[in-house]
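S.K.: I'd like to ask some things about the structure below.
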Amino acid sequence: MEVIMKRLSVPDTYAVWSRNKDIRYNSTSGGAFSEFAKTIINEGGLVVGARYNQENLVEHAIVDSYEGIEKLRQSKYMSSSVGDTYIKIKEELGKGKLIAFCGSPCQVAGLYSFLGKEYENLFTMDFICRGMNSPKAFKSWLDEIEKKEKSKVSKVWFKYKDGGWKTSPKRTRLDFKNGKCKVYEAEKNLYMHGYLTSNLYIRPSCGNCLFKGVPRKSDVTFADFWGIERDLDDDKGTSMLLVNSEKGKMYFEKIKNNMEVHKKEFNTIFVGNPMFSNSVEVPKNAHNFLIDLDNMTFSEAIKKYTPKIPFWRRVLTSGKRMIKKMLRL
């Protein structure tokens, strides 16, 4: 069922980051989600978002505390299981409970479709989505690493900011149960490198996403503000925030004092976030890649399905990376 909602065709657009240094550091970009979530908790509400389970797969969960928000924070680059979350949300909304839901654009649309109407006590948040990855591919990558390190992974930290926010998309930190941790970066971070360059394990339906552009389904939308001007980029994370509805405006007013806020023109978001309007191209051999994971390690499958990078290009890329590090010093 399609629910008719009042949303802005030209959202109010901001570059923002939390003034709380811990929240900002531990967030994927500037910490906007955490500030909204804190406000909902302060008002006695519940926050629903994606967290890792004991198998390091991703599932949606309902939390009612600051500690719970910490589990929902940060990007998680695979499909999340919604389970019976929509049912529980409807039950709580019926009781008059304030609920904030954060998910991909299609998950937000799915929630409204399930509910059949808008609720005054429901606040929704989504993000600019490149595409949902297969949990099978993620587990294959993680299993190979765990065998090599001879220890199970206890924490996954995508877009690890040590080394800078702008280079964080290809940097992942894994903490192990034996107490060690390891950072995987650039081409050595096979999972994120493959996601951003090959699209081999993105869900096929993401190749024709029906939830791009405007108007949005959600009350607010988050993203990294890639391409933001240098005076608003200290390489610690700057969030792009789109306020899509009157309810979004109301809650934004409640958190503004906790944020560094800079009003922007809506058209400034497109250069750095092309996936706001465009669907990713999923290759025809993606299905075969996932089948081969039954008999191959993740690294073997990636090597089979991705072209080998010429030596001169690897040298050039390495040189550019070294120059960038020197410029940051």
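The values are calculated or read from the model by the stated rules, or taken from the named source; none is laboratory data. Quick caveat, the model's predicted, so the values are computed rather than measured. Counting neighbours? That spans all protein chains shown, and the Cβs are built from the backbone with ideal geometry, glycine included. Side chains included, ligands, DNA and RNA excluded: accessible areas come from the protein's heavy atoms. Shrake-Rupley method; radii C 1.70, N 1.55, O 1.52, S 1.80 Å.
S.K.: Report the residues of the stretch 214-253 in range of a label on VAL183: point 7 Å along Cα→C-beta, backbone N strictly under 16 Å from it.
M.R.: Hits in the stretch 214-253 for VAL183 at 16 Å: 235-237.
S.K.: Where a Cα-Cα gap under 20 Å defines reach, which aspartates and glutamates qualify for LYS247, not counting those fewer than 8 residues away within the same chain?
M.R.: Correct list for LYS247: GLU2, ASP12, GLU35, GLU43, GLU92, GLU118, GLU120, ASP126, ASP219.
S.K.: Could you give log10 I(q)/I(0) at q = 0.06, 0.07, 0.08 Å⁻¹ for the chain, computed by the Debye formula over C-alpha point scatterers of equal weight, without solvent?
M.R.: -0.21, -0.29, -0.38
S.K.: Tell me, what % of the accessible area of the chain is carbon and sulfur with a 1.4 angstrom probe?
M.R.: On the way: 8860 of 16760 Å².
Ligands and nucleic acids excluded, carbon and sulfur give 53 percent.
S.K.: Another question, if that's okay. Once you have the Cα-Cα distance between ASP233 and ASN20, take 0.36 nm times their residue separation minus that, and quote the gain in nm to one decimal. Display every interim value, and only then the final one.
M.R.: Values: separation 213, 0.36 × 213 = 76.68 nm, distance 1.63 nm.
Here the answer is 75.0 nm.
S.K.: Let me ask something else. Beyond 29 Å between alpha-carbons counts as too far, so tell me which of LYS117/LYS263; LYS90/LYS161; LYS71/LYS139; LYS188/LYS236 fall in that bin. Don't skip to the end; give the middle numbers.
M.R.: On the way: LYS117/LYS263 31 Å; LYS90/LYS161 37 Å; LYS71/LYS139 19 Å; LYS188/LYS236 23 Å.
Violating the 29 Å Cα-Cα cut-off are LYS117/LYS263; LYS90/LYS161.
S.K.: Counting only heavy atoms of the protein chains, get the accessible area per residue of the stretch 213-278 (1.4 Å probe) and round it to a whole Å² value.
M.R.: Numbers: 3100 Å² over 66 residues.
Value returned for the stretch 213-278: 47 Å² of accessible area per residue.
S.K.: Same structure again: List every residue whose amide H lies under 5 Å from the amide H of LEU46, counting only residues 5 or more places away in sequence or on a different chain, with H placed 1.01 Å from N in the peptide plane.
M.R.: When sequence neighbours closer than 5 places are left aside, the close amide H contacts are LEU98, ILE99, ALA100.
S.K.: Could I ask something else about it? Give me a comma-separated list of calculated 3J(HN,Hα) values for the stretch 260-273, in order, Karplus coefficients 6.51, -1.76, 1.60 applied at θ = phi - 60°, integers in Hz, x for any Gly or Pro.
M.R.: 7, 10, 9, 5, 10, 7, 4, 6, 6, 7, 6, 4, x, 9
S.K.: Evaluate the charge dipole of the stretch 1-142 about its Cα centre and quote only its size in Debye, nearest 20, assuming +1 on the Cβ of each Lys and Arg and -1 on the Cβ of each Asp and Glu.
M.R.: Values: 18 positive and 16 negative charges, 70 e Å.
Once rounded to the nearest 20, the dipole reads 340 debye.
S.K.: Now, a different point. If you average the sequence gap of Cα pairs under 8 Å that are 6 or more apart and divide by the length of the stretch 1-54, what percent do you get for the contact order?
M.R.: 19 percent
S.K.: Run the reach check for LYS284 against aspartates and glutamates, Cα to Cα strictly under 16 Å, same-chain hits fewer than 8 apart removed. What comes back?
M.R.: Candidates past the 8-residue exclusion: ASP292.
S.K.: Be a star and scan the stretch 76-103 for residues whose amide nitrogen sits under 14 Å from the point 7 Å along the Cα-to-Cβ vector of ILE62.
M.R.: Inside the label zone: 83-102.
S.K.: Considering only protein heavy atoms, what per residue accessible area in square angstrom results for the stretch 1-104 with a 1.4 angstrom probe? Mind showing how you got there, number by number?
M.R.: Details: 4840 Å² over 104 residues.
Each residue of the stretch 1-104 exposes 47 Å² on average to a 1.4 Å probe.
S.K.: About the Cα centre of the chain, what is the dipole size in debye to 20, counting +1 per Lys and Arg Cβ and -1 per Asp and Glu Cβ, all else neutral?
M.R.: Details: 56 positive and 39 negative charges, 245 e Å.
It works out to roughly 1180 debye.
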